[in-house]
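Notes to accompany the following structure.
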Amino acid sequence: MTQHLWGGGAEKQVAAFANMLVELGEEVYIAYMTDRPDEYFTDPRIIRRQLTFSSGIKIPKLGKLYSGLHLFQQLRKLAADVIIPVNLPLEYCIRVQLATRYLNTRFIYAVRNNLEKKYPDEKDRYRWQKLCGLADGVWLQTQGQRNFFSDIYTKKIFIVPNILDRHYLGICREERTQIRRFISVSRIYPQKNQKLLVRAFARMLMQTKDAYVTLTIYGHAQPKDDRPEKELKKLIQESHLEERVFLLGHTSDIEKRYEEADAFVLSSDYEGCPNALMEAMAAGLPCISTDCPTGPSDLITDGKDGLLVPVGDVNAMACAMQYLVENPEEANRIGRTAKQRMKLWGSREEIAEQLLRQLNIVCSRPRLKKSINGKGELL
């Protein structure tokens, strides 16, 4: 279950897992909220269903009751063994979980981000902890996300990593004699902190004095909020970087962009497990990333197969970029080592089978009569 299959790493993983589960002979539904066109391919055997969460009734309490009953009816018709909301708003996840308590459907909460950063408000943090406490299972991407939960959640939690499309491993890049073309791939969104990246790039240029070093950012703004993109363009203009920093929006040929680039940079304040970083490493790019509490450090060993810098540290990011520019042989070594590391990543089939085993375990367990509240205590 997701909002749509367009423009995000979580949505990309929904499509990837759905496709592989169908390949393994499972019956798979994708329930979605909007009719936005898909960016990611889905197997024709996957059954699509659009769900409605709103009632159209203007009286708040009556509208909420009606929408809850309508959602229950929609989920009952699906008759799914397991339902996994991915990247849905917290309020909608809670509604789905409540509906499944009265159905023979297991509810698994998929953690696709850094929960403490995504929900800094204490009230929201209590709500997602309570939601996980009521869930039949909690799916994590990385071991680092395990730190969000106390030991009382242990039986609910399982870790299945993201699927890596292994054709990125087939990208053949020649050894670079110069590192001049930096690339970043992500949504234009405050979480991704492209402003830090532009400021770091400007500071790096003051040190290198190389007239040919460029930074290209691929990605789009949120559909209903282009303010971050406008602010980023303004920063580029104020920094007089119009001929050095390029915002090229969405690209449908990202493999070609990885092949052409000399290095990859991720500047996020927080992450779950960044797909773009996985793909860039698989392509053999030397990568720099902020050391978010979860995600990058699960992929990169600093100095070995990538460079990690503190979150929000403009100077450290600038120094890391300068290091690659001034040490192309070391950059090539880091890129080669990154590719070798990603070659050890499980295949799509192996990771999908790992998820399927965990789903079967969840379905075979009797439901707990007790739930866990937001403080990590049994009720």
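Read-outs: derived from the displayed coordinates by stated rules, not from any lab. This structure is a prediction, so every number in the text was calculated from the model and none was measured. Backbone-built Cβ (ideal geometry, glycine too); neighbour counts: all protein chains shown.
Rounded to the nearest 20, the Cβ-based charge dipole of segment 2-131 about its Cα centre (Lys and Arg +1, Asp and Glu -1) stands at 680 debye.
Could you work out the relative contact order of the chain, using alpha carbon pairs under 8 angstrom and six or more residues apart, expressed as a whole percent?
Worked out over the chain, it gives 18 percent.
Rounded to the nearest 5, what % of the DSSP beta bridges within segment 166-343 are antiparallel ones? Antiparallel bridges make up about 5 percent of those DSSP assigns within segment 166-343. Pair-distance distribution P(r) for segment 9-160, from all Cα-Cα distances in 5 Å bins starting at 0: 2, 8, 17, 20, 21, 17, 11, 4, 1, 0 percent.
Using C-alpha pairs under 8 Å with a sequence gap of at least 6, the mean separation divided by the residue count of segment 166-343 gives a relative contact order of 29 percent.
Taking the C-alpha atoms only, the angle from helix 328-343 to the longest principal axis of the chain is near 20 degrees.
Evaluated with a Cβ-only charge set (Lys, Arg +1; Asp, Glu -1), the chain carries a dipole of roughly 1700 debye about its Cα centre, given to the nearest 20.
Each 10 Å bin from 0 upward holds the following percent of the Cα-Cα pairs of the chain: 5, 22, 31, 24, 13, 5, 1. The charge dipole of segment 166-343, taken about its Cα centre with unit charges on the Cβ of Lys, Arg, Asp and Glu (plus for the first two, minus for the last two), comes to roughly 140 debye.
Based on other C-beta atoms within 10 Å, arrange 39, 174 from fewest to most.
Listed from fewest to most nearby Cβ atoms, that is 174, 39.
Hydrodynamic estimate: the Kirkwood radius of segment 166-226 over Cα pairs, inserted into Stokes-Einstein at 4 °C and 1.567 mPa s, corresponds to D of 93 µm²/s.
Of the residues 338, 150, 97, the one whose Cα sits farthest toward the positive end of the charge dipole of the chain, with +1 on the Cβ of Lys and Arg and -1 on the Cβ of Asp and Glu, is 97. Along the charge dipole of segment 166-343, Cβ charges K/R +1 and D/E -1, which of 236, 196, 296 sits furthest on the positive end? Of the listed residues, the answer is 236. By the Cα gyration tensor, segment 215-298 has an equivalent ellipsoid whose semi-axes, rounded to whole angstrom, run 22, 17, 13 from largest to smallest. Taking a ≥ b ≥ c as the square roots of the Cα gyration tensor eigenvalues, segment 166-343 comes out rounded, since a/c falls below 1.5. Helices in the chain, meaning DSSP H runs of at least 4 residues, each add -39500 (n - 2.57). Divided by all residues, the mean residue ellipticity at 222 nm is -12500 deg cm²/dmol.
Rounded to the nearest 10 degrees, the angle from helix 194-208 to the longest Cα principal axis of the chain is 20 degrees.
Selection among 217, 286, 32 by position relative to the dipole of the chain gives 32 as farthest towards the positive end (Cβ unit charges, Cα centre).
Quick one: angle between helix 348-364 and the longest Cα principal axis of the chain, in degrees between 0 and 90, rounded to 10, please. Tilt of helix 348-364: around 30 degrees.
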